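Here's the structure we're looking at; comments come further down.
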Amino acid sequence: MCVGPPVRSWCSAGGPCWSDAGASPLLIVDVESEVVEQELRAGRLVCPGCGSPVAPRGHARWRPVRVAGGVPPELLWLRPRRARCRACGAWHVLLPCVCLCRRRDAVEVIGRALLLAAGGVGFRSIAAELGLPESTVRGWLRRARLLVEVIRQHFTRWAFALDPVGAASRSAGSGLEGAVDAIGRCGRAAALSLGRGSPWRLASALSGGGLLCTSVPWLRPP
């Protein structure tokens, strides 16, 4: 189920994140299905509405996640777990942190595009490098540029919460470059206490899967 190294501690240490994505709200969880099962059985995944533990209740439909472009693209097929709150009865889909809400592509693919764009590469060159349609990459970059200040502030706050000394050492800047830099600084801060892992999977977890979505609440730092 996993492509790349697992990031168990990043998705489980602070509890699940939540995003409202249709009929069944999403809990952003670990990419390793064994870890998710352990957390479900132990009652460590809680309902964002009432704070009570959720119980396993079957699976959602199979869905493809594009982890690399090209013809044909490389796909990762996922079947997310479903769960129901033991107290209020709300249903939830447990979406692995390799994904973003309403996005077909893996968060690390999208992150690579944002990183290249922050360095001044145009969307056509990025699409060619990733083997993806230009319209797809252009759409990501438009959304990201609309949300640059939200992204920068959110991940700067998380970086300070995780490592106040290190986060204060330099500014995240502005624009898309500043937003991407804030995600990177947050990832470095998390690595000091939680171990190394993908900063983009961390970004998915801390944004509730809504890194490029304005309609979902993001996990606030303590």
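The values are calculated or read from the model by the stated rules, or taken from the named source; none is laboratory data. All values derive from a computational prediction rather than experimental measurement. Every residue, glycine among them, receives a Cβ derived from its backbone with ideal geometry; neighbour counts consider all protein chains shown. The protein model used for the area step is the full one, side chains on, heavy atoms only, and it has no ligands, DNA or RNA in it. Shrake-Rupley method; radii C 1.70, N 1.55, O 1.52, S 1.80 Å.
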Q. Among bridges DSSP assigns within the chain, what percent are antiparallel (round to 5)?
A. 75
Q. Along the charge dipole of the chain, which of V46, V98, L132 sits closest to the positive end, that is, farthest toward it, with unit charges on the beta carbon of Lys, Arg, Asp and Glu (+1, +1, -1, -1)?
A. V46
Q) Once phi is turned into ³J(HN,Hα) by the Karplus curve 6.51 cos²θ - 1.76 cosθ + 1.60 with θ = phi - 60°, what whole-Hz value does each residue of segment 67-81 show in order, with x for glycine and proline? A) 9, 7, x, x, 10, x, x, 8, 10, 10, 8, 10, 10, x, 6
(Q) What is the distance in Å between the Cα centroid of segment 168-222 and that of segment 102-132? (A) 17
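Report, in debye and to the nearest 20, how large the dipole of segment 127-222 comes out about its Cα centre when Lys and Arg carry +1 and Asp and Glu carry -1 on their Cβ.
In total the dipole reaches around 160 debye.
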Q: First check a/c for segment 155-222, with a ≥ b ≥ c the square roots of the eigenvalues of its C-alpha gyration tensor; if it is under 1.5, answer rounded, and if not, answer prolate when a/b is larger than b/c or oblate otherwise.
A: oblate
Q) With the contact rule set at Cα under 8 Å and sequence spacing of 6 or more, what percent relative contact order holds for segment 140-222? A) 30
Q: Take each complete run of DSSP H in the chain, measure how far its Cα atoms stretch along the helix's own axis, and keep only those covering 27 Å or more with mean Kyte-Doolittle hydropathy at least -1.0; list them.
A: 175-194
Q: Assign one of three labels to the chain, namely rounded, prolate or oblate, based on the Cα gyration tensor with a ≥ b ≥ c the square roots of its eigenvalues; rounded applies when a/c is under 1.5, prolate when it is not and a/b is larger than b/c, and oblate otherwise.
A: oblate
Q | Protein accessible area in the chain, 1.4 Å probe - carbon and sulfur % | A | 53
Q.
Compute a Gaussian network model of the chain, connecting alpha carbons closer than 10 Å, and tell me which residue from A42, A83, A189 fluctuates the most.
A. A42
Q. Dipole size in debye (nearest 20) for the chain around its Cα centre, Lys and Arg Cβ +1, Asp and Glu Cβ -1?
A. 460
**Q.** Residue among C97, C85, C186 with the largest mean-square fluctuation in a Gaussian network model of the chain, springs linking Cα atoms under 10 Å
**A.** C85
Q: Please sort 112-118, 176-182, 162-168 by packing, taking for each peptide the average over its residues of neighbouring beta carbons within 10 angstrom, highest first.
A: 176-182, 112-118, 162-168
